[in-house]
């Protein structure tokens, strides 16, 4: 077991140890969507999504600099966070797969008065206006202020990422 000493620097963890340790932190699965400057839709499966503030309502999304969606999201003025339910493993897998048309066969709708897409089949979607971008290691953190909320249905159980696999608690 690795521990830190008070007043000293923490021992260095290698990337594999850190990744393994973080796999025990269950995270909700979402799909983050946006459009690039040419109007093309982009989206990826994300676990690095959390609320930041209630007043104003702010959401944080972390995106890897190596993501195929990085350029589109780093330039977008808005994005959507689509919360996945336990019955949407296939959708999560589709948006986590590189080199495919992630939007093929997926029901997509644009928010009213916006070109930002959301996934019509999810139970909850948030429309966010980007308020800031912050580099953090190999990711950039996007902070978005909630500009819209859509609830289609009650999600019976969430879809989470735990120990590098899709899981449905309960």
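Evaluate the relative contact order of the range 68-153 (contact order divided by residue number), counting alpha-carbon pairs under 8 angstrom at least 6 apart; express in whole percent.
Normalised by residue count, the contact order of the range 68-153 is 30 percent.
Could you tell me how many cubic angstrom of Cα convex hull volume the range 32-126 has per residue?
Residue-normalised Cα hull volume stands at 112 Å³.
Tell me, what is the percent relative contact order of the chain, built from C-alpha pairs under 8 Å that lie six or more residues apart?
Contact order relative to length: 26 percent.
In whole angstrom, and with the biggest value first, how far do the Cα coordinates of the chain range along each principal axis?
Result for the chain: principal-axis Cα extents of 53, 37, 36 Å.
Taking the Cβ-Cβ separation of residue 115 and residue 9 as r and a Förster radius of 41 Å, what is the calculated FRET efficiency to the nearest 0.05? Each step should come with its number before you reach the end.
Numbers: r = 47 Å, r/R0 = 1.15.
Using R0 = 41 Å, I get an efficiency of 0.30.
Values in this text are rule-based calculations from the coordinates and carry no lab data. In this text, all values refer to a predicted model and were calculated from it rather than measured experimentally. Counting neighbours? That spans all protein chains shown, and the Cβs are built from the backbone with ideal geometry, glycine included.
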